[in-house]
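First up is the structure itself, then whatever we jot down about it.
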Amino acid sequence: MKKLLLLLIITSISLSAQSGKAFEINKKLGKGVNIIGYDPIWKNFDQKRFKENYFTKLKDAGFNSVRINLHAFSFMDKETLLLPESWFNTLDWAVNNALKNNLLVILDMHNFGEMGNAPEENLPRLKAFWEQVADHYQNYSDSVVFEILNEPFGKLTDELWNQYHKELLQIIRRTNPERIVIIGPGFWNNIYHLDALTLPEDDKNLIVTVHYYLPMEFTHQGASWTPENSQLGIKWGSDEEIKKLRDDFSLVNQWAIKNNRPILLGEFGAYDKGEMEYRVKYIYNVCRTAEEFGWSWAYWQFDSDFILYFIGIEEWNAPILNALIGD
C-alpha cells in the first residue's frame with residue numbers, strides 16, 4: 001500500500017509539472033473511439049455504414065475524439081502513388097464532421113500489415129501517403145493529429161522502425177512543423193517495447209501510443225483470426241489480474257515520466273464472444289487506470305467487432321458504453 005501511495009504521489013507531481021502543446025492536446029483527446037477503418041464508405045460513399053449523425057451521438061455520449069483508421073495503399077495509383085480526389089473527399093467528410101461536433105481527430109495510417117510483411121517494398125508508399133496527407137491538412141487546426149503508423153511489427157523491427165519513423169516525421173514537418181504527431185513502439189505498439197523506441201529529443205510535439213489487449217486469451221477469446229484463443233468462457237477480474245493491469249500501466253507511466261512524453265492508449269477492448277460481465281469489468285478497469293495516469297484512450301471500435309454501437313438497430317451497446325464513460 002505504501003509503494004502504491006508513493007507511486008501515485010510521484011505520478012501526480014510529475015504530471016502537474018508536464019506542460020506543452022503535446023500534453024494539452026493529449027488531454028483534449030481524452031476518451032476516444034476508433035472508427036470507419038473497415039466501413040464500405042471508402043469504396044462507395046453511398047454504401048457507408050457510419051452516418052453523419054453518429055459524430056453527434058459520440059459527442060453527446062461523452063467522447064472527445066475519434067481515431068480514423070486509414071487503409072490507403074490500395075487506393076493509390078500504382079505508378080504515381082497519388083491518392084484520388086474521391087478518397088480525400090471521403091476523409092474530408094469524416095474530419096470536418098468530427099470537428100463540427102467538437103471531436104478531435106487522429107488520422108491513423110493503418111496499413112500495418114503491408115509494412116510489417118514487406119517494409120522496404122512499401123516504404124515509398126508510406127512516404128507518399130504522408131507527403132499527400134500532411135500537405136492536404138497543413139492548414140487545419142491543432143484538433144487534427146497525425147499517427148505515423150499503426151502497430152509496426154514483423155520485418156519492421158524496432159531498429160528499422162526507429163529509422164523509418166524519423167524519416168516520415170521529417171516529411172510531415174516540412175508542411176506541419178508544429179502538428180502533434182503520434183508514434184508508438186514496435187511489436188504491435190507493445191508496452192514492453194517502449195524502451196526500444198527512440199524519439200528526436202528536440203521535437204516535443206509528439207504523443208507516444210501503446211496498445212493493450214492483455215491477456216490475449218481473455219480479450220480475443222473466440223476471435224476467428226486468432227485460433228490459438230478459441231477457448232470460450234474465460235473470465236477476468238480477480239485481484240491478481242487487476243494488479244497485473246495496474247503493474248503494466250505503471251511501467252508505461254514510469255517510462256512516460258522519465259521521457260517526458262504524453263501517452264495515448266490507442267487501442268484496447270475485449271472481443272464480443274466473451275461474457276459481458278467480465279468484458280465490462282475489464283474495459284472499466286483499463287479506462288479508469290489509464291485516466292488515473294493522465295492518458296488519453298481510444299476504444300477498439302465503434303462498428304464491426306468489439307462493438308460499441310449496433311448500427312442495425314441504432315442503439316448503443318449499453319454495457320460497453322457505460323464501462324467506457326464511467327461514473
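Observations, loosely collected:
- Hits in segment 173-198 (condition: over 19 Å from the mean Cα position of the chain (by Cα) and hydrophobic (A, V, I, L, M, F, W, C)): Ala196
- Selection count, segment 276-304, where residues are part of a loop (DSSP other than H, G, I, E, B) and either more than 25 Å from Val145 (Cβ to Cβ) or in contact with a helix residue (DSSP H, G or I) (Cβ under 7 Å, 6 or more places away or on another chain) (or both): 2
- The set of residues in segment 202-245 that are surrounded by fewer than 17 Cβ atoms within 10 Å (Cβ to Cβ) and part of a helix (DSSP H, G or I) comprises Met216, Glu217, Pro227, Glu228, Asp239, Glu240, Ile242, Lys243, Lys244.
- Here Ala290 does not fit the description of being touching a Lys or Arg at 6+ places or on another chain (Cβ under 8 Å), crowded, with 18+ Cβ neighbours inside 10 Å and of a type in the set (Gly, Ala, Ser).
- Residues within segment 75-96 that are farther than 13 Å from Leu126 by Cα, aliphatic (A, V, I, L, M) and over 21 Å from the mean Cα position of the chain (by Cα), tallied: 0
- Pick from segment 274-322, criterion aliphatic (A, V, I, L, M) and touching an Asp or Glu at 6+ places or on another chain (Cβ under 9 Å), ranking: farthest from Gln254 (Cα to Cα): Ile311
- Leu199 surrounded by fewer than 21 Cβ atoms within 10 Å (Cβ to Cβ), in a loop (DSSP other than H, G, I, E, B) and in contact with a strand residue (DSSP E or B) (Cβ under 7 Å, 6 or more places away or on another chain): yes
- Cross-chain or 6+ apart pairs with Cβ under 8 Å, segment 41-58 first and touching a residue at least 40 places away in the same chain (Cβ under 8 Å), then surrounded by fewer than 12 Cβ atoms within 10 Å (Cβ to Cβ): Ile41/Gln47; Phe45/Asn89
- Residue within segment 136-151 that is of a type in the set (Ser, Thr, Tyr) and part of a helix (DSSP H, G or I) present: no
- Selection count where residues are acidic (Asp, Glu) and either surrounded by fewer than 20 Cβ atoms within 10 Å (Cβ to Cβ) or more than 11 Å from the chain's Cα centre (by Cα) (or both), scope segment 137-156: 1
- Residue pairs meeting the criteria (Cβ under 6 Å; at least 6 apart or on separate chains; first under 15 Å from Arg261 (Cα atoms), in segment 290-309; second at pLDDT below 95 and in a helix (DSSP H, G or I)): Gly294/Leu15
- Among residues of segment 92-103 that are part of a helix (DSSP H, G or I), those with a Cβ under 6 angstrom from a residue that is surrounded by 15 or more Cβ atoms within 10 Å (Cβ to Cβ), sequence gap 6+ or separate chain, pair up as Ala94/Ile68; Val95/Val105; Asn97/Phe55; Ala98/Phe55; Ala98/Val66; Ala98/Val105; Leu99/Ser143.
- Meets criteria (assigned to a strand (DSSP E or B) and either under 20 Å from the mean Cα position of the chain (by Cα) or of a type in the set (Ser, Thr, Tyr) (or both)) for Leu126: no
The values are calculated or read from the model by the stated rules, or taken from the named source; none is laboratory data. Since the model is a prediction, treat every value here as computed from it, not as a measurement. In this analysis, Cβ positions are derived from the backbone assuming ideal geometry, glycine residues included, and neighbour counts consider all displayed protein chains.
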